[in-house]
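Visitor: Quick one: this structure, given as structure tokens, is what I'll be asking you about.
The values are calculated or read from the model by the stated rules, or taken from the named source; none is laboratory data. Just so we're clear, the structure is a prediction, and the values are computed from it rather than from any experiment. Please note: Cβ atoms are built from the backbone with ideal geometry, for glycine as well, and neighbour counts cover all protein chains shown. Heads up: the accessible areas ignore ligands, DNA and RNA and are worked out on the full protein's heavy atoms, side chains in. Shrake-Rupley method; radii C 1.70, N 1.55, O 1.52, S 1.80 Å.
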Amino acid sequence: MTILEIWLGILQGFRVTALVTLYGLVFAIPFGLVFGVAQYLTTGPARFVVTSIIEFWRSSAVIILLFVFYYALPLAGLALSAMTVSAMVLGLNIGGYASQAVRAGLQALDRGQKEAGHALGLSRSTILLRIELPQALVAMSPTFINQLIQLVKATSLVSLVTLTDMTFRAKEISQIEYDPVPIYTSLLLAYFIVCYPVALFGRWVERRINPAREAYRAV
Amino acid sequence: MTHTDDKPAVQIASLNKWYGAFHVLKEVNLTIPSGSRVVICGPSGSGKSTLIRCLNGLEAYQQGTVTLGTIRLGDNARETALARRQTGMVFQSFNLFPHLSVLSNCTLALRRVLSMPRNEAESLARHFLEKVRIPEQADKYPAQLSGGQQQRVAIARALCMNPRLMLFDEPTSALDPEMVKEVLDVMTGLAHEGMTMICVTHEMGFAREVADQVVFMDQGSIVEQASPLTFFTTPSHPRAQSFLNTLLH
Ligand SMILES: Nc1ncnc2c1ncn2[C@@H]1O[C@H](COP(=O)(O)OP(=O)(O)OP(=O)(O)O)[C@@H](O)[C@H]1O
Ligand SMILES: [Mg+2]
């Protein structure tokens, strides 16, 4: 097998890697936003419940969650597709991290922002949506980009639940062709090629939001 | 219309507030007629900020009543929100929204609270920016302005909501000396137009020129309340005397 053939073989898994990432975001973004905001706004028992849910997804080992949801749930009568399980587990795991960035971003804002909103007669939800969240999300955008890159890399685990992503393809090829060095080097490069543009995109986002941020950091 | 001429703009009766065990406001009574200008002064920690924050719901209190015009705060949620919307507040640290342009800082509440159409909100905002003498800064971001300009934006932002009462909490104490005057000039202009104002400040020149009552607070109580002339020339309370002495030095 030539290097080109290895490459083309790995590339056949790209679609699955990309899909798990995208569907993962469909879980991660709403979870991170809703739970981050909920943790910020709640107190007492409600906060305990919110925190427990976040910690479950954030602190469990992804690989075990994949096995549990894919192999054990069907025994309880709930069979989810490998794609659904993968997107959900990886997405909610990253979403758990993202929720902490959302909460921290909100908590880091000056108390005066909320007070100025109240003094103008704005409702709590308007203050959150128009004043607090825009500032918190912008401040945390580098963290979100990091988490997106982590999500892409974490998709390599889905080969364990039978999805033919790039890692799965590499394993297949290395079983036919016992030559692990070029195969896994190619795989390494393949993830880099996917992740690097994301990192570049992150820098672009940061530059775009920077004029306004530079402006308000200056004082 | 919630304020009528026969009703005082603000009536504070037997107001008491505690932070845990700390009694921060002690039996505060104060009546502020419509159209009057009250300056509150006193040593650091005497409760000045806490008192004016109680007037627009930024602080809760445990005993007593605050009545703005005809609305007693806390009686009825809808009316309390109305009274609060008709009370403008200017903070020591400006508290402009840094992610919004100067114009959007001014139009946000008009659009979201009063549901005013964009054009109308913007022309109203430009009118008040003109009034505080910075119409040309409308499209900048707050951080691109000097402190004095930012504080004038904060005043314009509050005026957009057509307040019956303006509260100022040390509006000039975060400013460099050369910018204090431009802010005080705007406030003096407002006073001459008949705006009811309560202002925590140690700018005694402003108090002398603009105030019709000076309220001196110490350790959570109002210990002296007098016209500026009386307060500055013959303060009766020894703590007011020593406070004025420290200000002069
Ligand atoms: N959130 C709070 N929790 C506990 N104590 C507080 C809190 N806010 C203020 N205090 C205390 O209440 C007292 C009055 O505070 P306040 O800010 O009203 O004083 P002030 O007269 O405005 O002082 P300054 O001139 O320094 O602004 C102070 O002793 C302060 O430490
Ligand atoms: Mg204060």
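Visitor: What does the charge dipole of the protein assembly as shown about its Cα centre add up to, to the nearest 20 debye, if the Cβ of each Lys and Arg holds +1 and the Cβ of each Asp and Glu holds -1?
Guide: On the way: 39 positive and 34 negative charges, 115 e Å.
Computed charge dipole of the protein assembly as shown: roughly 560 debye.
Visitor: Going from most exposed to least, what order do A:Glu206, B:Glu178, A:Glu132 have by accessible area with a 1.4 Å probe? Walk me through the numbers on the way to the answer.
Guide: Details: A:Glu206 65, B:Glu178 130, A:Glu132 5 Å².
Largest to smallest exposure gives the sequence B:Glu178, A:Glu206, A:Glu132.
Visitor: Now for a different question. Hey, what's region A:3-218 come to in accessible area per residue, 1.4 Å probe, Å²? Before the final figure, lay out the partial values.
Guide: Values: 10830 Å² over 216 residues.
Value returned for region A:3-218: 50 Å² of accessible area per residue.
Visitor: A follow-up question, please. Distance between the C-alpha centers of region A:7-82 and region A:84-139? Whole Å please.
Guide: About 20 Å separates the Cα centre of region A:7-82 from the one of region A:84-139.
Visitor: Using a 1.4 Å probe on the protein chains only, how many percent of the accessible area of region A:3-218 belongs to carbon and sulfur? It would help to have the intermediate numbers written out before the result.
Guide: Values: 7400 of 10830 Å².
Roughly 68 percent of what the probe reaches on region A:3-218 is carbon or sulfur.
Visitor: Do any residues of region A:85-129 lose at least 20 Å² of accessible area when the full set of protein chains is present rather than just their chain alone, and if so which, with a 1.4 Å probe?
Guide: Correct list: A:Gly112, A:Gln113, A:Glu115, A:Ala116, A:His118, A:Ala119, A:Leu120, A:Gly121, A:Leu122, A:Thr126.
Visitor: Below 8 Å between Cα atoms, with a sequence gap of 6+, how large is the relative contact order for chain B in percent? Mind showing how you got there, number by number?
Guide: Working: 451 pairs, mean separation 63.8, N = 249.
Across chain B, relative contact order equals 26 percent.
Visitor: Sorted by accessible area with a 1.4 angstrom probe, largest first, how do A:Phe48, B:Phe231 fall? Don't skip to the end; give the middle numbers.
Guide: On the way: A:Phe48 145, B:Phe231 0 Å².
The ranking, largest first, comes out as A:Phe48, B:Phe231.
Visitor: Give the B-A buried accessible area in Å², both sides summed, 1.4 Å probe, nearest 100.
Guide: Values: alone 11620 and 12110 Å², together 21780 Å².
Looking at B and A, the buried total is near 2000 Å².
Visitor: Restricting to DSSP H runs of at least four residues, report the calculated mean residue ellipticity at 222 nm for chain A, -39500 (n - 2.57) per run over all residues, nearest 500 deg cm²/dmol.
Guide: Numbers: 9 runs with 165 residues, N = 219.
That comes out to -25500 deg cm²/dmol.
Visitor: Also, I was wondering about something else. How many percent of the accessible area of chain B is carbon or sulfur, using a 1.4 Å probe?
Guide: Details: 5160 of 10650 Å².
Carbon plus sulfur share of accessible area: 48 percent.
Visitor: Oh, and also: Hey, which of these cross-link pairs are over 30 Å Cα-Cα: A:Lys114/B:Lys131; B:Lys48/B:Lys131; B:Lys26/B:Lys181?
Guide: Values: A:Lys114/B:Lys131 26 Å; B:Lys48/B:Lys131 28 Å; B:Lys26/B:Lys181 34 Å.
Violating the 30 Å limit, Cα to Cα: B:Lys26/B:Lys181.
Visitor: Set Lys and Arg Cβ to +1 and Asp and Glu Cβ to -1, take the dipole of chain B about its Cα centre, and tell me which of B:Gly88, B:Pro135, B:Met217 lies farthest positive.
Guide: B:Gly88
Visitor: Please report, for the Cα atoms of region A:88-171, the Rg to one decimal and the Dmax as a whole number; what are they, in angstrom?
Guide: Taking only Cα atoms of region A:88-171, I get Rg and Dmax of 18.4, 61 Å.
Visitor: Also, quick follow-up: Only helical DSSP H runs with n ≥ 4 go in: add -39500 (n - 2.57) per run for chain B, normalise by residue count and round the 222 nm mean residue ellipticity to 500 deg cm²/dmol. It would help to have the intermediate numbers written out before the result.
Guide: Working: 9 runs with 94 residues, N = 249.
Roughly -11000 deg cm²/dmol at 222 nm, from the helical runs in chain B.
Visitor: What residues does region B:45-94 have that are buried by at least 50 Å² of accessible area in the full protein assembly compared to the chain on its own, 1.4 angstrom probe?
Guide: B:Arg84
Visitor: Also: Once you have the Kirkwood Rh of region A:120-219 from its Cα pairs, apply Stokes-Einstein at 4 °C and 1.567 mPa s and quote D in µm²/s.
Guide: Rounded, D is 77 µm²/s.
Visitor: Whole number in Å², please: accessible area per residue of chain B, 1.4 Å probe, ligands, DNA and RNA not counted.
Guide: Numbers: 10650 Å² over 249 residues.
Each residue of chain B exposes 43 Å² on average to a 1.4 Å probe.
Visitor: A follow-up question, please. Putting +1 on Lys and Arg Cβ atoms and -1 on Asp and Glu Cβ atoms, find which of B:Ala207, A:Ala79, A:Tyr184 reaches farthest to the positive end of the dipole of the protein assembly as shown.
Guide: A:Ala79
Visitor: Straight distance only, please: which aspartates and glutamates reach the Cα of A:Lys153 with their own Cα at less than 12 Å, same-chain residues fewer than 8 apart left out?
Guide: Straight-distance partners of A:Lys153: A:Asp165.
Visitor: Where Lys and Arg each count +1 and Asp and Glu each count -1, what net charge lies around A:Leu11 among other residues with Cβ under 12 Å from its Cβ? Please list the in-between numbers first.
Guide: On the way: positive: A:Arg15, A:Arg169; negative: A:Glu5, A:Asp165.
Residues close to A:Leu11 contribute a combined charge of 0.
Visitor: Taking the Cα centre of region B:99-249 as the origin, how large is its charge dipole in debye, to the nearest 20, when only Lys and Arg (+1) and Asp and Glu (-1) carry charge on their Cβ atoms? Don't skip to the answer; put the middle values down first.
Guide: On the way: 13 positive and 17 negative charges, 96 e Å.
The dipole magnitude comes to about 460 debye.
Visitor: Among B:His127, B:His192, what's the order by accessible area (1.4 angstrom probe), most exposed first? It would help to have the intermediate numbers written out before the result.
Guide: Numbers: B:His127 100, B:His192 140 Å².
Descending accessible area places them as B:His192, B:His127.
Visitor: Based on DSSP, what percent of beta bridges with both residues in the protein assembly as shown are antiparallel, to the nearest 5? Write out the running numbers ahead of the final one.
Guide: Values: 19 of 36 bridges.
Looking only at bridges with both residues in the protein assembly as shown, the antiparallel portion is about 55 percent.
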